[in-house]
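The values are calculated or read from the model by the stated rules, or taken from the named source; none is laboratory data. From a predicted model like this one, the values you see are computed outputs, not experimental measurements. Every residue, glycine among them, receives a Cβ derived from its backbone with ideal geometry; neighbour counts consider all protein chains shown.
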């Protein structure tokens, strides 16, 4: 990945190389390239090496939504890596509430949401993955020891929004650190984000020609560049 | 319109076969990072790089004769795209010269581009 920054805006370039792709894989890339008119029209690019969530380092930011406002978030708690960057999340309401973040990305990609959780008393925690019309939840045990809970899968939902978060029962309190969303089956090491995340809605193909090499029967390779501007 | 000749095996290309597909776009970038984009070409065109090795003298001569018949990159021909399985009309050689190498008896090689055009 190459990054160039100009005054007032930043421009990032990704060079992506693929080998041993099948014909349907290469046709999907060709179809997307043709649909965009090459570099003409913008699309949303999800950086495969980054955390898709905004403000994963600060759960008190407004991007983390709790419509009923009954959930309080306090920072400065001990985190699993020896710092004080975890957050204590408390549901002060009388009904089950959720702290979520919504992204403008397809609902039906394969996503993996992960978060480190701990609690003084053993309890259970519920992770949410929601599309425009479908929701999946995963519950796991939480104890004094930090554990990374994972919710991964693909929703049968053709929507263009996707939300992830934490559901808390009335009065429940959890200590949380490092929420991460990735468009892949399993989590990779945590990457903290602030006002920038790995989702780039103004991305373009940076090549006028999509190069493809047929290397063997039903095996193809390609290398191309994608650019994003803030 | 003439059709690109196949080898004795019937194939028109060997692995690996690079190809490209694209459409020219003009991009005007402004100081604030925004840009204006527009097509400078009517539609997408494909290009194929044909690398042929271990050709017999007869196969190599056939390619040379076809290149001469098309007068280099002057005349268009139909190209049977081995990937899509379709015959693409209005193709031309990508250069006005063709390099063929005779490295041994019945062991020739050549490499050239075939490009799709408007006709």
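Laid out as a table, the results:
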{"quantity": "Filter result (under 19 Å from residue B:2 (Cβ atoms) and within 12 Å of the chain's Cα centre (by Cα)) within segment B:99-119", "calculated": "B:112, B:113, B:114, B:115, B:116, B:117"}
{"quantity": "Residue B:56, sole failed condition from (1) more than 23 Å from residue B:1 (Cα to Cα); (2) within 14 Å of chain A (Cβ to nearest Cβ); (3) in contact (Cβ under 8 Å) with a residue 24 or more places away in the chain", "calculated": "(2)"}
{"quantity": "Qualifying strands (runs of 3 or more DSSP E) (wholly inside segment A:1-82; at least 3 residues being at pLDDT 95 or above and within 14 Å of chain B (Cβ to nearest Cβ))", "calculated": "A:9-21"}
{"quantity": "Residue in segment A:207-227 that is under 30 Å from residue A:99 (Cβ atoms) and at pLDDT below 95 present", "calculated": "no"}
{"quantity": "Residue check, residue A:122 more than 29 Å from residue A:156 (Cα to Cα), touching a residue at least 40 places away in the same chain (Cβ under 8 Å) and outside the structural domain of residue A:221 (by TED's automatic domain parsing)", "calculated": "no"}
{"quantity": "Condition broken by residue B:12, with the remaining ones in (1) in a loop (DSSP other than H, G, I, E, B); (2) out of contact with any strand residue (DSSP E or B) (no Cβ under 7 Å at 6 or more places or on another chain) satisfied", "calculated": "(2)"}
{"quantity": "Flag for residue B:73 being more than 14 Å from chain A (Cβ to nearest Cβ), surrounded by 18 or more Cβ atoms within 10 Å (Cβ to Cβ) and not in a helix (DSSP H, G or I)", "calculated": "yes"}
{"quantity": "Within segment A:11-64, tally of residues that are touching a strand residue (DSSP E or B) at 6+ places or on another chain (Cβ under 8 Å) and loosely packed, with under 12 Cβ neighbours inside 10 Å", "calculated": "4"}
{"quantity": "Some residue of segment A:96-114 being more than 16 Å from the chain's Cα centre (by Cα), in contact (Cβ under 8 Å) with a residue 60 or more places away in the chain and within 24 Å of residue A:192 (Cβ to Cβ)", "calculated": "yes"}
{"quantity": "Selected residue (criterion: nearest to the other protein chains (Cβ to nearest Cβ)) from residues of segment B:22-33 that are in a strand (DSSP E or B) and exposed (fewer than 15 other Cβ atoms within 10 Å of the Cβ)", "calculated": "B:27"}
{"quantity": "Some residue of segment B:36-43 being buried (at least 18 other Cβ atoms within 10 Å of the Cβ) and touching a strand residue (DSSP E or B) at 6+ places or on another chain (Cβ under 8 Å)", "calculated": "no"}
{"quantity": "Unique residue being touching a residue at least 12 places away in the same chain (Cβ under 8 Å) and not in a loop (DSSP other than H, G, I, E, B) when the list is B:19, B:36", "calculated": "B:19"}
{"quantity": "Qualifying residues in segment A:205-230 (those that are in a strand (DSSP E or B) and under 20 Å from the mean Cα position of the chain (by Cα)) - the one farthest from residue B:81 (Cα to Cα)", "calculated": "A:229"}
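Residues checked against (1) away from chain B (no Cβ under 13 Å); (2) within 29 Å of residue B:18 (Cβ to Cβ); (3) surrounded by 21 or more Cβ atoms within 10 Å (Cβ to Cβ):
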| residue | (1), (2), (3) |
| --- | --- |
| A:177 | yes, no, yes |
| A:182 | yes, no, yes |
| A:185 | yes, no, no |
| A:212 | no, yes, yes |
| A:216 | no, yes, no |
